[in-house]
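Contents: one structure, followed by commentary.
The values are calculated or read from the model by the stated rules, or taken from the named source; none is laboratory data. Keep in mind the model is a prediction, meaning the values are calculated, not measured. Cβ placement follows ideal geometry from the backbone for every residue including glycine, while neighbour counts extend to all protein chains displayed.
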Amino acid sequence: MKSLFILLPLLLLFSCNTEEKNRITNTADYEQYLVSKKPDTTSKYFELWNNKIKEDSTQLSSFGIVASQYDAYFKATGDIEYLKKAEKSLQKAVEIAATGRAGFRRELARNYISQHRFKEALFLAEEAQEIGSGITETHSLLFDVHMELGNYNIAKEYLNKITDPSSFGYLIRAAKWNDYKGELPTTINYMEQAKQLADRSTASHLKVWSYTNLADYYGHAGRIKDSYEHYLKTLAIDPQNSYAKKGIAWIVFSYEKNPEEALRILDSITKNYDAPDYYLLKSEIASYQNNRKQELLNLDEYLIRVKNKAYGDMYNAYNVDLYTTSVKDFEKALALSKREVQNRPTPESYSLLAYTHLKLGDNKKALAIVENHIEGKTFEPAILLRSAEIYKVAGNNNKVKELKNELSGAVYELGPNMLINIESL
């Protein structure tokens, strides 16, 4: 009995030390940023320019300035209506512009990228290229669009046209290209160079861009402390940055296994930020807690929000994943995944289509899609996990073993709920 009393404190000490070893975050670091403040969505400056726009207006500068402000409001609030208002202003600018024609087309194309209207964005980018002014910006845009469309060889051609190691725009795109190629150390190296350029500038938006992207890449590399520190650096510049707060919430949930604190962080975001996908993450965390009621409530909240027709195809991928897992409406998933492949024929879109066919029992079709459109074309863990499940049903044990080994290091990215899926391969 005496030895048991000695052993118990040692076990408790070991448990506490293990928890401390896995602890990266500190509430004192980010507590001040959880005070939710409703974003300003107007100003005297904005109203001045907005009032100059009439039904028959030809005030070209007004349309550009107002569109830019609406875009900023969208990023601050997540409210899709602001993105649609920005689109309307830019469409008018494209219609009436005699000067700056290429620039307005690029801006409208970027608006369409945000709405996942990639083919329309490509059309505008090609028009801007024909016009000719601002050719480096147009080539950068064409790289972005072709990457989104899965036209990787064409994207590389445009990347080669903008090569400039002293350019922030080139460095972040070189990082994106190497991330696609699965070259994570090179990706991080390019992004760190971009961060150095941003740090030397006075442009806070470049710093926020580089810090959040670098935080994501560090997370992929398992450098969780570095990831956390860069989300904090983002919040020091932009205290209401929802993306950085979500990043910290993910670290707290996926790495530290502290779902209650992760939900507290997410609740502070959703008070004044309107993007539907935050409720999906809340639902995922509730599932981890075995809290079925909260899981379904957050799922319902997501589904209510994405019914807004203004979202168009923006949430197709989320919805397919939802219909094939939680909701199990495979016919809806099939229709949406086919639409997503039409809009955006990337390995991710094809993986959703393949997985839907698997759930419908069409194993041969699922395997054919994996072999023709996914295998060797991506390193994204979620896509590899779907592929592994398809290979398992097909009896390709060598492929399953290969992918399982790779996925064993991706539990942080996929989330703790996916551990059982990986282990069951």
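The figures follow:
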read-out: Lone qualifier among GLY409, GLY395 - being modelled with pLDDT under 95, more than 17 Å from LEU353 (Cα to Cα) and surrounded by fewer than 18 Cβ atoms within 10 Å (Cβ to Cβ); value: GLY409
read-out: Candidate set: segment 60-114, residues that are among the small types (Gly, Ala, Ser) and not in a helix (DSSP H, G or I); chosen: the one nearest to ALA128 (Cα to Cα); value: GLY100
read-out: Residue that is modelled with pLDDT of 95 or more, over 26 Å from GLU87 (Cβ atoms), more than 20 Å from the chain's Cα centre (by Cα) and surrounded by fewer than 15 Cβ atoms within 10 Å (Cβ to Cβ), where the choices are LYS364, LYS332, LYS404, LYS359; value: LYS364
read-out: For GLU371: the one exception among (1) touching a Leu at 6+ places or on another chain (Cβ under 8 Å); (2) at pLDDT 95 or above; (3) not aromatic (Phe, Trp, Tyr); value: (1)
read-out: Residue match in segment 198-216 (condition: out of contact with any helix residue (DSSP H, G or I) (no Cβ under 7 Å at 6 or more places or on another chain) and among the β-branched types (Val, Ile, Thr)); value: yes
read-out: Segment 165-216, residues that are in a loop (DSSP other than H, G, I, E, B) and more than 18 Å from THR378 (Cβ to Cβ); value: PRO165, SER166, SER167, SER201, THR202, ALA203
read-out: Condition check for ASN160: part of a helix (DSSP H, G or I), surrounded by fewer than 16 Cβ atoms within 10 Å (Cβ to Cβ) and modelled with pLDDT of 95 or more; value: yes
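Per-residue answers, yes or no, for (1) acidic (Asp, Glu); (2) at pLDDT 95 or above; (3) surrounded by fewer than 19 Cβ atoms within 10 Å (Cβ to Cβ); (4) not assigned by TED's automatic domain parsing to the domain that holds ALA198:
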{"residue": "ASN111", "(1), (2), (3), (4)": "no, yes, no, yes"}
{"residue": "GLU127", "(1), (2), (3), (4)": "yes, yes, yes, yes"}
{"residue": "GLU130", "(1), (2), (3), (4)": "yes, yes, yes, yes"}
{"residue": "PHE143", "(1), (2), (3), (4)": "no, yes, no, yes"}
{"residue": "HIS146", "(1), (2), (3), (4)": "no, yes, no, yes"}
{"residue": "GLY150", "(1), (2), (3), (4)": "no, yes, no, yes"}
{"residue": "ASN153", "(1), (2), (3), (4)": "no, yes, yes, yes"}
{"residue": "ALA174", "(1), (2), (3), (4)": "no, yes, no, no"}
{"residue": "GLY182", "(1), (2), (3), (4)": "no, yes, yes, no"}
